[in-house]
4 protein chains.
Amino acid sequence: MLIHCRDQKGIIAQVTAFFLSADGNIVYIDQYVDRENNEFFMRLECELPETVLIDTVRRDFEDKVATKFNMLWKLYTRSRNLKMALFVSKYEHCLYDLLSRCSVGELKVDIPLIISNHDDLRIAAERFGIPFYHIPVTAATKPEAEEQQLRLLEEHSVDFIVLARYMQIVSPKVIGRYPNKIINIHHSFLPAFPGAKPYHSAFSRGVKIIGATSHYVTEELDEGPIIEQDTIRVSHVHSIDDFIMKGKDLERIVLSRAIKLHAERKTMVYGNKTIIFS
Amino acid sequence: MLIHCRDQKGIIAQVTAFFLSADGNIVYIDQYVDRENNEFFMRLECELPETVLIDTVRRDFEDKVATKFNMLWKLYTRSRNLKMALFVSKYEHCLYDLLSRCSVGELKVDIPLIISNHDDLRIAAERFGIPFYHIPVTAATKPEAEEQQLRLLEEHSVDFIVLARYMQIVSPKVIGRYPNKIINIHHSFLPAFPGAKPYHSAFSRGVKIIGATSHYVTEELDEGPIIEQDTIRVSHVHSIDDFIMKGKDLERIVLSRAIKLHAERKTMVYGNKTIIFS
Amino acid sequence: MLIHCRDQKGIIAQVTAFFLSADGNIVYIDQYVDRENNEFFMRLECELPETVLIDTVRRDFEDKVATKFNMLWKLYTRSRNLKMALFVSKYEHCLYDLLSRCSVGELKVDIPLIISNHDDLRIAAERFGIPFYHIPVTAATKPEAEEQQLRLLEEHSVDFIVLARYMQIVSPKVIGRYPNKIINIHHSFLPAFPGAKPYHSAFSRGVKIIGATSHYVTEELDEGPIIEQDTIRVSHVHSIDDFIMKGKDLERIVLSRAIKLHAERKTMVYGNKTIIFS
Amino acid sequence: MLIHCRDQKGIIAQVTAFFLSADGNIVYIDQYVDRENNEFFMRLECELPETVLIDTVRRDFEDKVATKFNMLWKLYTRSRNLKMALFVSKYEHCLYDLLSRCSVGELKVDIPLIISNHDDLRIAAERFGIPFYHIPVTAATKPEAEEQQLRLLEEHSVDFIVLARYMQIVSPKVIGRYPNKIINIHHSFLPAFPGAKPYHSAFSRGVKIIGATSHYVTEELDEGPIIEQDTIRVSHVHSIDDFIMKGKDLERIVLSRAIKLHAERKTMVYGNKTIIFS
């Protein structure tokens, strides 16, 4: 369960008392208070008896607790994996990494489809038996291509989208349909080096550390709420190609961590920032 | 407040309800459950109205909550800094680092005295105006020296002891008097390279990373509950002297972090492990 | 070219002069001197005119330079990828990672075969089109199984072997046939937690950082020359399963880096340590 | 010795042959070639017989080697520590850290004076017995203040300047007098968050990692050649004050590493980048 509301006295006491009265066993609870803005956030995991009807719990919680505190809240069950659509272009390292991780159960998500504006990575999809849709995108065909993408996403009941080095800008229309549900990997330590060719920029600036950033996609390019980042040392001996090679490991790890956090409902977006529960 | 008890239903609900009824405002709450052993741990920060008597809160909590759950608990107030005694020998990097951090308010502890088995570091103590006691220790004089140490610690109402590269083994008697209140810095990534000359051992093993470990002192040398560790990369080009030099930064940082955690009551010892609250 | 000899005056001058006289262009040179033991190590990359016969260079170098300094040396050409055999059991994360990296050209090695004592990972091999040999190993059949392994390795002209979480101890016979050519990944920060179940040991010791170590296999289990290590932070909230999950990323990265270093001839073994050129 | 010239065949051979002929023993040599721009850089340490006159070596090297390759080069001796002036304002963590490190011999530099635009840190200077000059700076008095600074720097034969959180912009005049000899510490991972209040900017952007950067000061604020950087993880639970506290450790370490590299002549500036020798 994820909860967001104004900070008020007694929230924790009443939420925990509620689950206690429902004969639940709280196995995880974490909360965060933004003191400056007086906002309260909570994540809670609870084991409920099998006889309990989840819809009853939801209705009761709304009536007995949520209304009082004017809460925004969501209660999720573990019954099924989220469905993740992958968007790719020509870079294959993140794609292979995610396919492998899902295949071995490290990432508990299902991948109903892969969409690409190029046909190059079809082989990777085929190796792992995932449907691959090649939808070319040009300036002229972009609106039409996006219609086709949205149709496919709907047909496959996709829960969220991952841009695994998809080299196209996603339009506001698609973003609006999947708010805070599109995860991108950017190959720099944002906000340093947004936009195209960040490794080249990092090289020419002479930085001693490079990074990668995974964030939710918003209409402002590379400006969305950051989910996860990591960095690695480089030096003057490394060429741009070395930067790219070292960066690939960062991208793989940062993106897979972000997806794991999202899939386990450990992220909350608040303003342009994320709260990441442990 | 720190709480430890068997895991049971309703703990969080009742603890939070208690502080709510005392008109308190919970500003921090974190809890951890060891599922395997069914143990519950909690750390809670609460702002109470000035009119509230802390002893009344303590008595009420014991009566209304703690007894029911059979809790071990401690309630601390922020009214004063802890008093930290420093034990040193000849290495000065940790000593200077801690004196500086306390001097600038980065570590909120008072240092009533420094005890050393050598006179070398008196200058550092004098620079920062801290009383320095030179108590030589030989096999023959050790019991007597420890008596003198204990007397001084008591006279200065010391709350906890930090061995800032003190090159002597502390006897069970002293450890018994300050249980889980003596913090040591060991210059390796424990449990690798316990005992003497860990940098030499690390060098001869050819490791690619070295570390430092801060832990509570128990009777088993270098086996106490670990509070904090960190590591740094080395390579074949580094000599033992380079290891030592790089290690100094690790030691400084790891030890100062451990002290900060201890001083802010963010550590709980459980078995031979620590729980470190955020 | 890799060179090892006693440290003497004039080595660099004469080696570089030799390649200059052969009309070569030195594009990389790095050297390391172990002052304590007076040993000299060098790695050098040189572009030679196409008309030059590599065997002539080798003979001339031996005659004009190597003999004088009593050098151990090897001169390699870039003409072909090394052939790497993978040994696996049931853990698939390293296997998938290596297959992906080779498939996309990130690791410049060929994989002629995968050998496993279990049949579980055949699917991964098939997905990437690599021959998979299931050779069960029991105490009774071990000698025979190793004969079969050695035969296969020879048939496929394997250059080096990678134990990608192969859960069997490799016998001295195999090690003797591939000296400093068998790379293992151990899932701890060696020398801490050698042997079986290191994550369990790390958990029970309460460490705050876990690691992974890639090393050349010698007859002493987990005691061979370390090629690469890395670490990641953990805390009391992490279960053994969390350790294992976090460790998988370490294992993948540490093993793939070690293989890359080996494949690019950037490692030299000296005593029980490695020299890793940049 | 540091060397910079166009990349040409035979440089290494002739340089090493030169020192061989001077009866020198090369104990360190490292070189870097920028292939794109065809530039060659080298750092070399050599033990010369005591009978050798260093000026003769310099003249001979110029005549026999440097002229031929059109080299820029410098030959330094170990005979004395460099003299480092510290500029500070009100933040004391870097100042204490550097004073301690110099005091214990970890940084092999002398500190003839500390200059500050505020009087607050006089106590730190006095504790370590370093002359402290309080030179207030206002918009009106800036030119005059800088004259006074330059006079003091000259009087004390200062070799290089360290801005240890000096909260003033240094004018082109001072920079021109000490080109690539003024080292600044900026409390962000540049080029992210240049200018004032980087921790505040990092907090408001919601980054998951913060950093610090040490660089040579040029006329473009926070744009000079980067010497060293490092990063540390943060999360949504950390306030701006936490960022600042965590950042202090980064600043201390990054700045002291940069000074050590500079003092040991391991840095070369090339364009707007540095080459950092090992």
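Some points to look at:
- Shielding by partners - mean other protein chain Cβ count within 10 Å, residues of D:127-139: 1
- Antiparallel bridge percentage (DSSP; both residues within the protein assembly as shown; nearest 5): 70
- Peptide A:9-20 has a mean of 6 when you count, residue by residue, the C-beta atoms of other protein chains within 10 Å of its C-beta.
- When DSSP beta bridges are restricted to pairs lying wholly in chain D, around 70% turn out antiparallel.
- Label-point spacing for C:Asp55 across the identical copies (point 7 Å from Cα in the Cβ direction), in nm and ascending order: 5.8, 8.4, 9.9.
- Net charge of the neighbourhood of C:Leu121, taken over other residues with C-beta under 13 Å away and scored Lys/Arg +1, Asp/Glu -1, is -1.
- Using a Förster distance of 56 Å, the FRET efficiency for C:Asp34-B:Glu39 (Cβ separation, nearest 0.05): 0.65
- Average partner coverage of B:229-239, which counts Cβ from other chains inside 10 Å: 5
- Expressed per residue, the C-alpha convex hull volume of region B:223-278 stands at 91 Å³.
- For region A:1-49, the list of GluC sites (Glu not before Pro) that fall in a loop by DSSP and count at most 10 other C-beta atoms within 10 angstrom reads A:Glu36.
- ³J(HN,Hα) computed for each position of region D:212-222 - Karplus, 6.51 cos²θ - 1.76 cosθ + 1.60, integer Hz, glycine/proline x: 9, 9, 10, 8, 6, 7, 10, 5, 7, 4, 6
- Listed by number, the DSSP H helices of chain D that run 20 Å or longer by alpha-carbon position along their axis and have mean Kyte hydropathy of at least -1.0 are D:240-263.
- Once exposed loop trypsin sites (Lys or Arg not before Pro) are cut out (DSSP; at most 11 other Cβ, 10 Å), longest piece of chain A: A:81-278
- Cα centroid separation - region D:12-89 against region C:1-62, whole Å: 21
- Cut-off under 5 Å, modelled amide H: who pairs with A:Leu82 long-range: A:Asp110
- Rolling a 1.4 angstrom probe over the protein assembly as shown with all protein chains present gives an accessible area of which 51% lies on carbon and sulfur atoms.
- Computed over chain C, Kirkwood Rh from alpha-carbon pairs, angstrom: 20.5
- Minimum 40 Å² accessible area buried by the other protein chains, region D:179-201 residues, probe 1.4 Å, relative to alone: D:Phe189, D:Pro191
- For region C:163-278, the equivalent ellipsoid built from the Cα gyration tensor has semi-axes of 25, 15, 11 Å, listed from largest to smallest.
- Whole-Hz ³J(HN,Hα) from phi, Karplus 6.51 cos²θ - 1.76 cosθ + 1.60, for region C:115-127, glycine and proline x: 10, 9, 8, 10, 9, 4, 9, 3, 4, 5, 4, 5, 4
- Kirkwood hydrodynamic radius (C-alpha pairs) into Stokes-Einstein, region C:25-105, 4 °C and 1.567 mPa s, D in µm²/s: 78
- The GluC sites (Glu not before Pro) of region C:216-248 that meet both conditions, a loop assignment by DSSP and at most 13 other Cβ atoms within 10 Å of the site Cβ, are C:Glu219, C:Glu220.
- Accessible area per residue for region D:48-187 is 49 Å², calculated with a 1.4 Å probe on protein heavy atoms, without ligands, DNA or RNA.
- From phi via Karplus (6.51, -1.76, 1.60), per-residue ³J(HN,Hα) for region A:128-133 in Hz, x at Gly/Pro: 9, x, 10, x, 10, 10
- Under-5 Å amide H pairs with A:Asp230, H placed in peptide plane, nonlocal only: A:Ala212
- Region A:69-197: translational diffusion in µm²/s, Stokes-Einstein, Kirkwood Rh over Cα pairs, 25 °C, 0.890 mPa s: 155
- Distant-in-sequence amide H partners of A:Ile29 (H built 1.01 Å from N, under 5 Å): A:Glu45
- Alpha-carbon centroids, region C:167-232 and region A:140-179: separation in whole Å: 45
- If you count Lys pairs in region A:82-276 whose Cα atoms are under 20 Å apart, skipping same-chain pairs closer than 8 places in sequence, the total is 23.
- Computed with the Debye formula from one identical point scatterer per Cα of the protein assembly as shown, without solvent, the log10 of I(q)/I(0) at q = 0.05, 0.09 Å⁻¹ comes to -0.37, -1.28.
- Projecting the alpha carbon convex hull of region C:154-207 along each direction and taking the average yields 4.4 nm².
The values are calculated or read from the model by the stated rules, or taken from the named source; none is laboratory data. Given the structure is predicted, the values throughout are model-derived calculations rather than measurements. Please note: Cβ atoms are built from the backbone with ideal geometry, for glycine as well, and neighbour counts cover all protein chains shown. Calculation scope for accessible area: heavy atoms of the full protein, side chains included, ligands and nucleic acids excluded. Shrake-Rupley method; radii C 1.70, N 1.55, O 1.52, S 1.80 Å.
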